[in-house]
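These notes concern the structure reproduced below.
The values are calculated or read from the model by the stated rules, or taken from the named source; none is laboratory data. What you see is a predicted model; the values in this text were computed from it and never measured. Positions of Cβ are generated from backbone atoms using ideal geometry, with glycine treated the same way; all protein chains shown enter the neighbour counts. Accessible surface is based on the protein model in full, side chains and every heavy atom, while ligands, DNA and RNA are left aside. Shrake-Rupley method; radii C 1.70, N 1.55, O 1.52, S 1.80 Å.
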Amino acid sequence: FYLRTPADITLFWPAAGIGYAATLRYGLRYVVAIPIATALLHLLVVPVPTAFLQFSIASNTVATLLGAWYVRRHAPFVRLRTADGFLLLRGSLLVSATSAVVGVLGMVHAGMVAWGDTAGAMLQWALGDLLGMATVSPLMLFLLGGGLTRPSPYRSTVGHREIALWAVLLV
């Protein structure tokens, strides 16, 4: 139901941010929720051609797994500070690029996009995923505890409700 292009590419995909944050917070095995959620989305809310369904599921799942693996490999404990923010952004770029390649190739395979339009479609797909991760993942990580197994020296216990309220209002 979000803003879509004529090629039916969603320009803001907050689900990418939710899946990315959950996989970072709870571990790589939680990526299994993504194919289930994607299949339910396409079966119940946003129908797609059958030839595209497996590409959609694979694009979201494989890309999130790859990006979360990259982040967790470089920082076993994600803290909400600038250095980890750039690491999360690098992982998000990996997720969005991988997802765009797989997803748009699936759209070409299913006849949803012509070969001549793949570059533009990949850019739109990647930016939609990136926007979803950039806006939703930090808030989700904050609300879920940031993936920390021990307290961070950068997180104070003062004002969490206020920070959460401002973050929700910003979204």
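Phi-derived couplings, Karplus 6.51 cos²θ - 1.76 cosθ + 1.60 at θ = phi - 60°, listed residue by residue for the range 83-91: 4, 6, x, 5, 5, 4, 5, 4, x Hz, with x used for Gly and Pro. Computed packing ranks the peptides 101-108, 126-133 as 126-133, 101-108, most packed first, by mean other Cβ atoms within 10 Å.
Computed FRET efficiency, Cβ-Cβ of TRP69 and LEU143, R0 25 Å: what is it to the nearest 0.05? Kindly include the intermediate steps, with their values, before the conclusion.
Details: r = 23 Å, r/R0 = 0.91.
FRET efficiency, TRP69 to LEU143: 0.65.
Cα axis of helix 160-170 to longest principal axis of the chain: angle in degrees, 0 to 90, nearest 10? Roughly 30 degrees, rounded to the nearest 10. Along the range 41-50 the Karplus relation, 6.51 cos²θ - 1.76 cosθ + 1.60 evaluated at θ = phi - 60°, assigns HN-Hα couplings of 4, 6, 7, 10, 10, 10, x, 10, x, 4 Hz to successive residues, with x for each Gly and Pro.
On the protein heavy atoms, probe 1.4 angstrom, tell me the percent of accessible surface of the chain carried by carbon and sulfur. Within the chain, the accessible surface is 71 percent carbon and sulfur.
For the chain, the solvent-accessible area with a 1.4 angstrom probe is 55 square angstrom per residue.
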